[in-house]
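Accompanying notes for the structure given below.
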């Protein structure tokens, strides 16, 4: 049986603290801080990280710089376990005295000190979508990879091959903006572009899911040429919506579908694709080695990255297709 129990008491304490904070009541805010050296505060700005006495001394001045505020969603979710507790706050729309509105959420950690709950840690965040923050959504490759590994595929080849994954960056936001009918038309047109490019360069379309594709090529040179052409076509298109795609490639030795090598090669290709930014072509070290010093390709300097589900660090490159 879990020792963690819901705690309306802690929710009420944090609510009082936050109301004092919103109203600029420095004394009340400081009074509820822990006396322990573990005290810490992480704000929503990149440089707002304060600890221990630095926080106690600086909090008053910091509060003078921020406008008073209110919020429209009084959602405080508290729990406790022994002498420790925590509260999640979802502020919904937070209205600042200067007229601005933001979405806000915070986590508070509390410590029971001499019979009184005090705040030992605050972590604020001002959430944005992955599209706004990072320029891409990554879920599409996860779903496409799962589909490729769990359902029959026809690779039309075994032996050495280059696997290529593509998807449309920011597809969720585009679909919501355009509506189902227009988005479906845009995706169909894009899929035709992908199919035509694959055919020209000897590629095989292995799997599609939503706006994502997985394909196989008999050579790394053909795959990179196709990837570059596809980016050029999309970049030069004047048709709205203007799309951006991400492409990732990895080269390896394929065996039959039930063999481990198939899963390894496909998995790594998808993981390489997932680190590509909109408009990028990312490739593994293996693909880079296969094309050697081919004069038609220019690459970025190598980067060491971690890839989800794969051990260690992996060398990747970007194909500088714009040049």
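The values are calculated or read from the model by the stated rules, or taken from the named source; none is laboratory data. Being a predicted model, the structure only gives us computed values, none of them experimental. All Cβ positions, even for glycine, are placed from backbone atoms using ideal geometry, and neighbour counts span all protein chains on display.
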With the condition kept exactly as written, say whether any residue in the stretch 178-186 is assigned to a loop (DSSP other than H, G, I, E, B), more than 16 Å from residue 233 (Cα to Cα) and at pLDDT below 90.
-> yes
Applying the selection to the stretch 167-185, what residues are under 24 Å from the mean Cα position of the chain (by Cα) and under 12 Å from residue 210 (Cβ atoms)?
-> 167, 168, 171, 172, 174, 175, 183
Return the residue satisfying two criteria in turn: it lies in the stretch 67-81 and is exposed (fewer than 15 other Cβ atoms within 10 Å of the Cβ) and in contact with a strand residue (DSSP E or B) (Cβ under 8 Å, 6 or more places away or on another chain), and of such residues it is farthest from residue 4 (Cα to Cα).
-> 67
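Go through 278, 295, 218, 302 for me and flag whichever is touching a strand residue (DSSP E or B) at 6+ places or on another chain (Cβ under 7 Å) and without any contact (Cβ under 8 Å) to a residue 24 or more places away in the chain.
302
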Under 7 Å by Cβ, and 6 or more places apart or on different chains, what pairs join a residue from the stretch 28-45 that is in contact (Cβ under 8 Å) with a residue 60 or more places away in the chain with one that is part of a loop (DSSP other than H, G, I, E, B) and buried (at least 17 other Cβ atoms within 10 Å of the Cβ)?
-> 33/39
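Does the stretch 107-134 hold any residues that are at pLDDT 90 or above and either under 26 Å from the mean Cα position of the chain (by Cα) or surrounded by 18 or more Cβ atoms within 10 Å (Cβ to Cβ) (or both), and which are they? Reasoning before the result, please.
Within the stretch 107-134, the subset at pLDDT 90 or above is 107-123.
Listed by number, the residues that qualify are 107, 108, 109, 110, 111, 117, 118, 119, 120, 121, 122, 123.
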Being out of contact with any strand residue (DSSP E or B) (no Cβ under 6 Å at 6 or more places or on another chain) and either under 30 Å from residue 175 (Cβ atoms) or at pLDDT 90 or above (or both) narrows 257, 244 down to just 244
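Out of curiosity, is residue 87 part of a strand (DSSP E or B), under 28 Å from the mean Cα position of the chain (by Cα) and at pLDDT 85 or above? If you could, list the steps in order and put the result at the bottom.
Numbers: part of a strand (DSSP E or B): yes; under 28 Å from the mean Cα position of the chain (by Cα): yes; at pLDDT 85 or above: yes.
Yes, satisfied.
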